[in-house]
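**Q** Take a look at the following structure, please.
The values are calculated or read from the model by the stated rules, or taken from the named source; none is laboratory data. Note that the coordinates shown come from a computational prediction; the quantities given were computed from them, not determined experimentally. Here the Cβ positions follow ideal geometry from the backbone for every residue, glycine too, while neighbour counts run over all protein chains shown. For the accessible areas, the whole protein counts, side chains as well, though only heavy atoms, and no ligand, DNA or RNA atoms are used. Shrake-Rupley method; radii C 1.70, N 1.55, O 1.52, S 1.80 Å.
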Amino acid sequence: MSSPMSASTFLDALMNEGLTVVQVGDWRTHNRNHKGPWGPVHGVMIHHTVTSGTAATVRICRAGHPELPGPLCHGVIAKDGRVHLVGHGRTNHAGLGDDDVLRAVVAEKRLPSDNEANTDGNRHFYGFECENLGDGKDPWPEAQLEAVERAAAAICRHHGWTSRSVIGHKEWQPGKVDPCGFTMESMRARIHDRLK
C-alpha cells in the first residue's frame, strides 16, 4: 500500500527518468478529489486516446467532455515522447474494473482475466493517456514507446514496485481495448529491463 506522490515528487520522478515534461496550466491542483479519495495507489494504467494531434489531445484530456469531466489522466504521452501533465490526484481514467485484477496488481502476480467492473480504479492507479487513434494502424513511434516505458518505470521506481504493477486499461475493465498497437507484455518487459 502506497500513498500517492506529491505533485512535486511526481514531476521530479518523471524528469529524473529522463523524460521531457510539459506542465499544463494548474495541473498540480486539477483533479476530481471531490468525487472520492485518491489513494492508496497500487499501480500505473496505460491508455490510448482515440485522438489525433497533440494540442487537441492534451486539451481533451485536461478538460474532458460532456459525458466525462476532466482531467482524464495524469499525463498525456505525445507521439514525440513528451509527457504533458494535465492533472494530479484523482482523475477520470480507469473507471470501474475487476477487484481480482487489483488484488493481482497489489500482490504483483500474473493478472487474471477481467470479467467484472466492481472496483474504483480512479482511486488506485496513476494514468497515462497516449496519443493514438487506437485502430491498430496508427503507428507508435519509438520515442513514444520509450516515454511510456520511462514514465511507468519512474513511478514504479519511486514506490518500489516491479513492472507487474503496470497494466493496460484493457486488462482492468471488461470491453476496453486500449492500448491497441503493442502488447502490455512487451511493455512490461521493457519496464522490467529499465528497472534493473
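**Q** So which of 123, 150, 110 ends up being surrounded by 14 or more Cβ atoms within 10 Å (Cβ to Cβ) and touching a helix residue (DSSP H, G or I) at 6+ places or on another chain (Cβ under 8 Å)?
**A** 150
**Q** Conditions first: (1) open to solvent by 40 Å² or more (accessible area, probe 1.4 Å); (2) part of a loop (DSSP other than H, G, I, E, B). Residue 62 passes all but one, so which condition is the exception?
**A** Of the numbered conditions (1) open to solvent by 40 Å² or more (accessible area, probe 1.4 Å); (2) part of a loop (DSSP other than H, G, I, E, B), the odd one out for residue 62 is (2).
**Q** Here's a check for you: in region 164-186, which residue that is within 13 Å of the chain's Cα centre (by Cα) and among the small types (Gly, Ala, Ser) is farthest from residue 5 (Cα to Cα)?
**A** Looking at residues that are within 13 Å of the chain's Cα centre (by Cα) and among the small types (Gly, Ala, Ser), I get 168.
**Q** Now for a separate question. Looking only at residues in region 26-35 that are charged (D, E, K, R) and farther than 25 Å from residue 144 by Cα, which one is surrounded by the most Cβ atoms within 10 Å (Cβ to Cβ)?
**A** So, considering only residues that are charged (D, E, K, R) and farther than 25 Å from residue 144 by Cα, the one surrounded by the most Cβ atoms within 10 Å (Cβ to Cβ) is 32.
**Q** Within region 126-145, work out how many residues are open to solvent by less than 60 Å² (accessible area, probe 1.4 Å) and either of a type outside the set (A, V, I, L, M) or under 12 Å from the mean Cα position of the chain (by Cα) (or both).
**A** Of the residues in that region, 13 qualify.
**Q** While we're on this one: Is it true that residue 97 is open to solvent by less than 10 Å² (accessible area, probe 1.4 Å), over 16 Å from residue 10 (Cβ atoms) and small (Gly, Ala, Ser)?
**A** The answer is yes for residue 97.
**Q** Right, something else. Going through 13, 104, 55 one at a time, which residue ends up being open to solvent by 30 Å² or more (accessible area, probe 1.4 Å) and among the hydrophobic types (A, V, I, L, M, F, W, C)?
**A** One residue alone meets the criteria, 55.
Yes or no, residue by residue, for (1) touching a residue at least 24 places away in the same chain (Cβ under 8 Å); (2) open to solvent by less than 40 Å² (accessible area, probe 1.4 Å); (3) under 16 Å from the mean Cα position of the chain (by Cα):
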| residue | (1), (2), (3) |
| --- | --- |
| 20 | yes, no, no |
| 24 | yes, yes, no |
| 37 | yes, no, no |
| 40 | yes, yes, yes |
| 49 | yes, yes, yes |
| 68 | yes, no, no |
| 71 | yes, yes, yes |
| 75 | yes, yes, yes |
| 81 | yes, yes, yes |
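**Q** Pairs needed: first member in region 166-182, within 17 Å of residue 116 (Cβ to Cβ); second member anywhere, open to solvent by 10 Å² or more (accessible area, probe 1.4 Å) and of a type in the set (Gly, Ala, Ser); C-beta distance under 7 Å; at least 6 residues apart or different chains.
**A** The qualifying pairs are 173/95; 173/117; 174/117.
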